[in-house]
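In what follows, a single structure is set out as structure tokens and then discussed.
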Amino acid sequence: MSDQHEIIDDYTERVGRHLMGPARDKAKAELGAHLSDAAEAGELDHALSRLGPPRQAAATFSDLRSAPPAPIGARLAAVVIDNIPLVGVTLALLTTGISRIAELGNGFALAFPPFVYAKIGDGCVSVGPPVLCDAGVYDYAGLLYTLGVPLALLWSIVGLGMVEAWTGATPGKRLLKLCVVTEAGLRIHPASGIVRRLSVVLGPAAWLDWLPFVWGDRRRVLDLLTGTKVVRAAR
């Protein structure tokens, strides 16, 4: 019987990894009781076969499967909070650019999120328009651009993506009582968490990711591509 208890504990733990909040504790408690009864009746293998893989079983317990996508206002507020490092770098670029005008009388370029380009020897790689390389629009910013922007983008893409995958919510989403889940209402994969944030490398063109909101769809382009949605967190 001890072996069966280990099987039950392992299965319920793996099911719980796909769920968040109250649904996780509910699933582990109900599954544990159900599988224990099945073990006593000598039907544990049959019960596990009927439930299927842990992820499939978890979907039956998810209370977020049918939850509608969150409204755009709450999502945009969460975006601003989550990207405070990127906002801070952009404001610093603005301050540096204004100082440059005051000292030299030269203009400067600015966008949010900042355009991404990198000069490598005599060459240049640009995520935005090729003219960025020729113009060197952020050359005036020095390390603020070459170090500050990459670090801020690393947080906005990898950092927030991993936090979403591990906890279901970034700091901004947690404050706004939102969370991101799969279409089945389950915890997302780390790869999905990162991919759904890649639009920020497009600079101001990143806002094209939000175009579906124009015709009433409350999911971004990358939400649709990764099979994820942002919803009100379960209480």
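The values are calculated or read from the model by the stated rules, or taken from the named source; none is laboratory data. Computed from a predicted structure; not experimentally measured. Here the Cβ is made from the backbone with ideal geometry for all residues, glycine too, and neighbour counts use every protein chain on show. With ligands, DNA and RNA removed, areas are computed over all heavy atoms of the protein, side chains included. Shrake-Rupley method; radii C 1.70, N 1.55, O 1.52, S 1.80 Å.
Among the listed residues LEU93, LEU76, LEU110, identify the single one that is buried (at least 20 other Cβ atoms within 10 Å of the Cβ) and either at pLDDT below 75 or under 29 Å from the mean Cα position of the chain (by Cα) (or both). First the steps, then the outcome.
Working: LEU76 fails: buried (at least 20 other Cβ atoms within 10 Å of the Cβ); LEU110 fails: buried (at least 20 other Cβ atoms within 10 Å of the Cβ).
Sole residue among the options that is buried (at least 20 other Cβ atoms within 10 Å of the Cβ) and either at pLDDT below 75 or under 29 Å from the mean Cα position of the chain (by Cα) (or both): LEU93.
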Legend entry - Residue in segment 170-183 that is under 10 Å from the mean Cα position of the chain (by Cα), over 18 Å from LEU225 (Cα atoms) and not in a helix (DSSP H, G or I) present: yes
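Could you grab me the full set of residues in segment 152-208 that are aliphatic (A, V, I, L, M), more than 19 Å from ILE81 (Cα to Cα) and in contact with a Leu (Cβ under 8 Å, 6 or more places away or on another chain)? Show your work before the answer.
So in segment 152-208, the residues aliphatic (A, V, I, L, M) come out as 152-154, 157-158, 160, 162-163, 165, 169, 175-176, 178, 180-181, 184, 186, 188, 191, 194-195, 198, 200-202, 205-206, 208.
So of that shortlist, the ones also more than 19 Å from ILE81 (Cα to Cα) come out as 181, 184, 186, 188, 191, 195, 202, 205, 208.
Hits for segment 152-208 are VAL181, LEU186, VAL195, LEU202, LEU208.
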Inset, instruction - Those residues that are open to solvent by 60 Å² or more (accessible area, probe 1.4 Å) and more than 14 Å from TRP155 (Cα to Cα), I need them from segment 193-215; list them, please. - result: LEU202, TRP207, LEU208, LEU211, VAL214, TRP215
Legend entry - Qualifying residues in segment 10-29 (those that are modelled with pLDDT of 90 or more and among the acidic types (Asp, Glu)) - the one farthest from ALA165 (Cα to Cα): ASP10
Inset, instruction - Would you point out which residue out of LEU160, LEU153 is buried (at least 17 other Cβ atoms within 10 Å of the Cβ) and modelled with pLDDT of 95 or more? - result: LEU160
Inset, instruction - Please go through segment 6-19 and pick out each residue that is touching a helix residue (DSSP H, G or I) at 6+ places or on another chain (Cβ under 8 Å) and open to solvent by 20 Å² or more (accessible area, probe 1.4 Å). - result: ILE7, ASP9, GLU13, ARG14, ARG17, HIS18
Legend entry - Top-ranked residue in segment 116-137 [being at pLDDT 65 or above and open to solvent by 40 Å² or more (accessible area, probe 1.4 Å); ranked as farthest from the chain's Cα centre (by Cα)]: ASP122
Inset, instruction - For segment 32-55, state whether one or more residues are part of a helix (DSSP H, G or I), within 29 Å of THR167 (Cβ to Cβ) and under 25 Å from the mean Cα position of the chain (by Cα). - result: yes
Inset, instruction - Please identify the pairs in which a residue from segment 206-226 that is under 19 Å from VAL116 (Cβ atoms) has its Cβ atom under 8 Å from the Cβ atom of a residue that is in a loop (DSSP other than H, G, I, E, B) and at pLDDT below 90, counting only partners at least 6 apart or on another chain. - result: ALA206/PRO113
Legend entry - Pairs where the first residue, in segment 1-16, is of a type in the set (Lys, Arg) and the second is open to solvent by less than 80 Å² (accessible area, probe 1.4 Å) and at pLDDT 90 or above, C-beta under 8 Å, 6+ apart: ARG14/PRO54
Inset, instruction - Among the residues of segment 174-192, write down those that are within 22 Å of GLY73 (Cα to Cα) and either touching an Asp or Glu at 6+ places or on another chain (Cβ under 7 Å) or crowded, with 18+ Cβ neighbours inside 10 Å (or both). - result: LEU176, LEU178, CYS179, VAL180, VAL181, THR182, GLY185
Inset, instruction - Count, please, the residues in segment 22-68 that happen to be touching a strand residue (DSSP E or B) at 6+ places or on another chain (Cβ under 7 Å) and surrounded by 19 or more Cβ atoms within 10 Å (Cβ to Cβ). - result: 1
